[in-house]
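Each remark here refers to the structure printed beneath this line.
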Amino acid sequence: MTEVAPHIEPHLLDILETVSDPEIPVLTVLDLGVIREAVEVDGVVRIKLTPTYSGCPAMDVMSDDLKTAFEKAGKKAIVKLVLAPAWSSDWISEAGKKKMEAYGIAAPLDATADKEALLGEAKVVACTNCGSKNTRLVSQFGSTACKALFQCNDCQEPFDYFKCLT
């Protein structure tokens with residue numbers, strides 16, 4: 001997949017870095033790759049936000065949190081939801097993937113491995129507790145629609161896996 005690089009003015013990065021994903025609070029909106037544009041025009045910050053999944057309930061909260069963060073910095077922000085290009089799990093930063101794993105959510109695999117894992121054809125999702133790949137799919141839907149629930153056969157701990165979307 002070819003990623004369209006986001007257009008974010010550098011002076012806005014520090015404020016954007018303070019806004020977290022409400023479902024995975026260790027990830028910022030920048031880690032998640034949902035900010036496609038953030039520019040300041042005539043004193044107003046215009047932000048384009050792409051949902052991870054169509055109908056994702058976190059988007060309303062993210063939009064409000066973005067407006068609040070900029071308001072605290074003395075700036076007005078307008079947030080527009082954009083659906084194209086569609087978000088891809090490839091847009092999660094490497095730092096974001098590491099934060100996700102440390103938080104206990106397995107980061108998305110590539111599309112082929114993801115399909116094998118979700119169809120139970122291969123043991124490729126590593127346990128976020130002990131690192132074993134001796135894991136099994138419990139449910140294709142975990143705590144949210146963008147995650148699947150797995151369990152480790154070695155340490156017996158359940159954990160979420162963030163599904164690949166490309």
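The values are calculated or read from the model by the stated rules, or taken from the named source; none is laboratory data. Here the structure is a predicted model, which means the values were calculated and not measured. Here the Cβ positions follow ideal geometry from the backbone for every residue, glycine too, while neighbour counts run over all protein chains shown.
Things to note:
- Residue match in segment 93-101 (condition: loosely packed, with under 13 Cβ neighbours inside 10 Å and without any contact (Cβ under 8 Å) to a residue 60 or more places away in the chain): yes
- Residues that are of a type in the set (A, V, I, L, M, F, W, C) and assigned to a loop (DSSP other than H, G, I, E, B), drawn from segment 126-166: 126, 127, 130, 141, 145, 146, 155, 164, 165
- Of all residues in segment 125-161 being surrounded by 20 or more Cβ atoms within 10 Å (Cβ to Cβ) and among the hydroxyl-bearing types (Ser, Thr, Tyr), the one that is nearest to residue 98 (Cα to Cα): 128
- Residue that is at pLDDT 95 or above, more than 23 Å from residue 157 (Cβ to Cβ) and of a type outside the set (A, V, I, L, M, F, W, C), where the choices are 133, 75, 98, 115: 75
- A single member of 150, 141 is outside the structural domain of residue 23 (by TED's automatic domain parsing), aromatic (Phe, Trp, Tyr) and modelled with pLDDT under 95, and it is 141.
- Filtering segment 24-44 to residues that are of a type in the set (A, V, I, L, M) and closer than 18 Å to residue 61 by Cβ leaves 24, 26, 27, 29, 30, 32, 34, 35, 38.
- Residue check, residue 28 outside the structural domain of residue 114 (by TED's automatic domain parsing), polar (S, T, N, Q) and in contact with a Lys or Arg (Cβ under 8 Å, 6 or more places away or on another chain): no
- Positions within segment 20-38 being assigned to a helix (DSSP H, G or I), farther than 20 Å from residue 76 by Cα and not charged (D, E, K, R), in sequence order: 32
Here's the yes/no breakdown for (1) closer than 20 Å to residue 166 by Cα; (2) of a type in the set (D, E, K, R):
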{"site": "29", "(1), (2)": "yes, no"}
{"site": "34", "(1), (2)": "yes, no"}
{"site": "38", "(1), (2)": "no, no"}
{"site": "47", "(1), (2)": "no, no"}
{"site": "59", "(1), (2)": "yes, no"}
{"site": "68", "(1), (2)": "no, no"}
{"site": "73", "(1), (2)": "no, no"}
{"site": "76", "(1), (2)": "no, yes"}
{"site": "82", "(1), (2)": "yes, no"}
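- When segment 39-60 is filtered for residues that are of a type in the set (Asp, Glu) and either assigned to a loop (DSSP other than H, G, I, E, B) or in contact (Cβ under 8 Å) with a residue 40 or more places away in the chain (or both), only 42 remains.
- The single residue among 41, 82 that is exposed (fewer than 15 other Cβ atoms within 10 Å of the Cβ), within 17 Å of residue 7 (Cα to Cα) and among the β-branched types (Val, Ile, Thr) turns out to be 41.
- Given (1) surrounded by 15 or more Cβ atoms within 10 Å (Cβ to Cβ); (2) under 20 Å from residue 33 (Cβ atoms), index of the condition residue 166 fails: (1)
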